[in-house]
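Worksheet: one structure, shown below.
The values are calculated or read from the model by the stated rules, or taken from the named source; none is laboratory data. Just so you know, these numbers come straight off a predicted model, no measurement behind them. Cβ: placed from backbone, ideal geometry, glycine included. Neighbour counts: every protein chain shown.
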Amino acid sequence: MKKALALLLAVVMCLSLSAVAFADDGGSVYYLNFKPEVDQAWQDLAATYTEQTGVEVKVVTAASGQYSDTLTAEMAKAEAPTIFNIGNSAGITDWGDYALDLTGTPVYEERVNDDYVLFDDAGVPKALGYCYETFGIIVNKALLEEAGHSLDEITDFESLKAVADDIHARADELGFDAFSSSGLDGTSSWRFSGHLANIPLYYQYQDAGLSVGDQPAEITDDYLDNFRALWDLYITDTAADPTSLSTATGDESRAEFGEGKAVFFQNGDWEFANLCTSEDMGFMIPAEDLAMIPLYCGIDGETEHGLCSGTENRWAINAKASEEDIQASLDFLYWVVTSEEGTTMLADNLSGIPFKGAKDTPNVFVNDAKAYVADGKAPVDWAFNDTPNVDSWRATVVTALTDYSAAPSDELWAKVVEAFVDGWAYEYSVVNG
């Protein structure tokens, strides 16, 4: 049935002289959105599509850090999502049976390449990357210059630390500190148990000759001292109380940065709209005042690398939905990646877009990532996508990191290392036997 449906869709596309043949057979769309920061953009786009086509599109957005639990709950309902997100290879293991074979579908044929596609073990495309993202340390250049420093000074961990230490030492005088809070509650902890953890994982992969997707059964403690060095900087050169990080949220950290209370903010290019164009946040930083720099932590060779680029954002179509809803969902996604309205929304809100009709983006962080590559700096791939039993592994790391942050010591850091290394081996065995 899946192959027959794919062939039918391909024939429809060849015969159609319009952008897409919209479903008019009663099908509807339910999109379970992975990205809370672009909820309103998806709601507005869905309303536009419904107005143009008459097809109902419902968008529900999972809370930050709660997508896996939300997806599990929603998939158990009679009216389950028809479009959902599969972020990594572990997601294919969990949800591959629910994901439609995308071969030959119009939206799949609009991809630029296979770099952001997830395939199952049989080589079947099950999840289509709809944006690639970049994360690092976001910098308010205006505040940096107000503190007497410039972006050109920061070229490695040593120079980053020197600048951050100086700003923190003069925080009362300046009226702002170096880093916004490194919150460890569920809305923020993924920035560190996932994104910051990517640094030691990536360099271990480099040493072992591994690529993303080559999930190892074990990892080592290599480069965890570097992780510690940057984490110590985050929890020292800041106005945030390190004993209260367990309840500090991502919104608080963003607000501290957006309101000019901190020069540095670890996050990704998805924050561009929140920081520069969203009137809902209560602040708006001029785009020209912003930049993104790598997660420097003192690893040999890191100055030859740029920003961390990859994706956890991939559309899957619910293969267990009705054929009418599958058709409606495929039509909607094709319209998103080809229409004026859809491609504009993607460019304005979702960073790098790997489709043929993608527009240039105003996102300065995406353009910073491109500039590093143009300067010969290799992007840092998202090795953390291979984390086994990811939610459980991260939770253990966050617990250990919370305890360490409240009372830093070698003894408590050893617990963080244990959570990383032994926790990885344990979760791998849980998933793989």
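Worth a mention:
- Scanning the stretch 199-223 for residues that are hydrophobic (A, V, I, L, M, F, W, C) and surrounded by 21 or more Cβ atoms within 10 Å (Cβ to Cβ), we see that the one that is nearest to Val163 (Cα to Cα) is Ile199.
- Each residue in the stretch 80-114 was checked for being among the β-branched types (Val, Ile, Thr) and in a helix (DSSP H, G or I), and 3 of them qualify.
- The condition of being assigned by TED's automatic domain parsing to the domain that holds Thr103, under 17 Å from Ala321 (Cα atoms), outside any loop (DSSP other than H, G, I, E, B) and at pLDDT below 95 holds for only one of Leu9, Leu71, that being Leu9.
- Of the residues screened, Ile219 is one that is within 23 Å of the chain's Cα centre (by Cα) and not in a helix (DSSP H, G or I).
- Any chance Asp225 is without any contact (Cβ under 8 Å) to a residue 60 or more places away in the chain and not small (Gly, Ala, Ser): yes
- Subset of the stretch 132-155 (residues that are outside any helix (DSSP H, G or I), surrounded by 15 or more Cβ atoms within 10 Å (Cβ to Cβ) and in contact (Cβ under 8 Å) with a residue 60 or more places away in the chain): Tyr132, Glu133, Thr134, Phe135, Gly136, Ile137, Ile138, Val139, Asn140, Ala147, Ile154
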